[in-house]
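The structure appears right after this line, and notes come after that.
The values are calculated or read from the model by the stated rules, or taken from the named source; none is laboratory data. Given the structure is predicted, the values throughout are model-derived calculations rather than measurements. With ideal geometry, Cβ positions are generated from the backbone for all residues, glycine too; neighbour counts draw on all protein chains shown.
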Amino acid sequence: MNVRTLVRTAALAGTVVLAPLASAQVGKTTFLDPNLATEAQLATVPGLTPALVKAVVDKRPFLRMADLHAVLSPTLGADALKATYAKLFLHLDLNTASKEEILLIPGVGNRMLHEFEEYRPYKNLAQFHREIDKYVDDAELARLESYVYVPMDLNSATDADLLTIPGLGQKMLHEFKEYRPYKDIAQFRREIGKYVNAKEVARLERYVTLK
């Protein structure tokens, strides 16, 4: 029995059941992250020739999905890109992704684009889960959720949320927390820049914010 059926059945029985909501801020993916995938992994992606693999590696880190699309779209047609983006995608910031970027999510058309935009600004991924759950079944909700994220507050994000940032392990989690409270993003760049290069700082920065 899926979550939606369970909730409806409980409601009919007069029992209040709260459906579990996503607590992470970055959707759990089944595809490769273009900033983290190895060359060998990229070579398994449909449509990626050796030349495109090299182009992806040379251009990263990608800070927007539009940047990756700009590398691939001159070579790959629309149908090929759909197959590619089912296996390789960069999470979209739910609050700043452009219409064009949202439409790059395989299977998303203008109707779902409208729903994505209607509830902006999203406070957390749980809100996206709750709102989009009105329109699709559980499997499609999980699929859509895997393509998106909501930037998390550097000073209050939980360990579990921070660890959803792709490529973030326990060591970097410790560094993120060591300098709390952050006064501004410049401090984050300065402190985390002690451990990784500027490109990696920029990659990590796209997932965080200060409120």
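Okay, here's what the table says:
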| quantity | calculated |
| --- | --- |
| Breaking point among (1) surrounded by fewer than 13 Cβ atoms within 10 Å (Cβ to Cβ); (2) at pLDDT 95 or above; (3) under 18 Å from Tyr147 (Cβ atoms), for Met112 | (1) |
| Any hit, region 64-74, residues being in a loop (DSSP other than H, G, I, E, B) and over 17 Å from the mean Cα position of the chain (by Cα) | yes |
| Filtered residues of region 146-161 (kept if more than 19 Å from Arg64 (Cβ to Cβ), in contact (Cβ under 8 Å) with a residue 24 or more places away in the chain and out of contact with any Ser or Thr (no Cβ under 9 Å at 6 or more places or on another chain)) | Asn155, Ser156, Ala157 |
| Looking only at region 159-191, and only at residues there that are surrounded by 13 or more Cβ atoms within 10 Å (Cβ to Cβ) and among the polar types (S, T, N, Q), the one that is nearest to Ala202 (Cα to Cα) | Gln187 |
| Filter result for Ala22 (under 21 Å from the mean Cα position of the chain (by Cα), modelled with pLDDT under 95 and not assigned by TED's automatic domain parsing to the domain that holds Leu168) | yes |
| Qualifying residue in region 81-100 (condition: of a type in the set (D, E, K, R), under 21 Å from Arg203 (Cβ atoms) and part of a loop (DSSP other than H, G, I, E, B)) | yes |
| Selection from region 33-63 of residues that are over 16 Å from Leu204 (Cα atoms), within 21 Å of the chain's Cα centre (by Cα) and surrounded by 18 or more Cβ atoms within 10 Å (Cβ to Cβ) | Leu42, Val45, Val56 |
| Matching entry among Asp138, Asp133 (being buried (at least 17 other Cβ atoms within 10 Å of the Cβ), more than 28 Å from Ile185 (Cα to Cα) and touching a residue at least 60 places away in the same chain (Cβ under 8 Å)) | Asp133 |
| Elements of type helices (runs of 4 or more DSSP H) in region 120-211, at least 3 residues being in the same structural domain as Lys99 (by TED's automatic domain parsing) and in contact with a strand residue (DSSP E or B) (Cβ under 8 Å, 6 or more places away or on another chain) | none |
| Hits in region 192-211 (condition: exposed (fewer than 14 other Cβ atoms within 10 Å of the Cβ) and farther than 23 Å from Ala37 by Cα) | Lys194, Lys211 |
| Condition met for Asp79 (in contact with a Lys or Arg (Cβ under 7 Å, 6 or more places away or on another chain), over 25 Å from Lys177 (Cβ atoms), exposed (fewer than 15 other Cβ atoms within 10 Å of the Cβ) and of a type outside the set (Lys, Arg)) | no |
| Hits in region 141-160 (condition: of a type outside the set (Phe, Trp, Tyr) and more than 24 Å from Asp184 (Cβ to Cβ)) | Leu141, Ala142, Arg143, Leu144, Glu145, Ser146, Val148, Ala160 |
